[in-house]
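Asker: One structure, pasted below without further comment.
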Amino acid sequence: MNLSLRKADFLLFFIFAAAALLSAFSFPRPAEGKEMVRIISNGEEFGTYPLDKNAEIEIVREGHRNVVVIQDGIVHMDYSNCKNQICVHTGEISDKGEIIVCLPNYVIVEIIGNGEGGEDDEAIDAIVK
């Protein structure tokens, strides 16, 4: 039994290798989960917004007012009518799991995964009033 390789065998190998590489890059890949900004007001979800789209969100409830700004993948509390202003001074957040909390106005701003409520998203265990 003679197992010598010929030029045609090498050519066939490279054709199959090229086809395998092309097929690996031609199939659509699943999109990675986009990070979202979830705003909770008084224990209820106020809204969920994409982190990659600029927005200014105003939360007004029972005399309380907060303004959340999403800009260039960064979130910050731009305004709050609370007395201590800790939420405004918290600064900017941009990574999944980071939060801004305004306790006097009962507002929580958090960055979550793709907004589907999957196991990667952390749930709030309790809201203290």
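Asker: What's the local net charge at VAL37, with K and R +1, D and E -1, over the other residues with C-beta under 11 Å away?
Answerer: So the surrounding residues net to 0.
Asker: Once both labels are modelled 7 Å past Cα along the beta-carbon direction, what's the ASN54-GLN71 spacing in nm?
Answerer: It works out to 0.8 nm between the two label points.
Asker: Within the set of other residues whose C-beta is less than 15 Å from the C-beta of VAL88, count the net charge using Lys and Arg as +1 and Asp and Glu as -1.
Answerer: Counting the neighbours of VAL88, the net charge comes to -2.
Asker: Something else: Would you mind counting up the charge near VAL67? Only other residues with Cβ under 12 Å from its Cβ, with Lys and Arg at +1 and Asp and Glu at -1.
Answerer: -2
Asker: With a point put 7 Å past each Cα toward its Cβ, work out how far ASN81 is from ARG6 in nm, to one decimal.
Answerer: 8.8
Asker: Counting only C-alpha contacts under 8 Å and six or more residues apart, can you give the relative contact order of the stretch 42-95 as a whole percent?
Answerer: Computed value for the stretch 42-95: 25 percent relative contact order.
Read the figures in this text as sums done on the coordinates, not as results from a lab. Predicted model only: the values in this text are computed from it and were never measured. All Cβ positions, glycine included, derive from the backbone under ideal geometry; neighbour counts span all protein chains shown.
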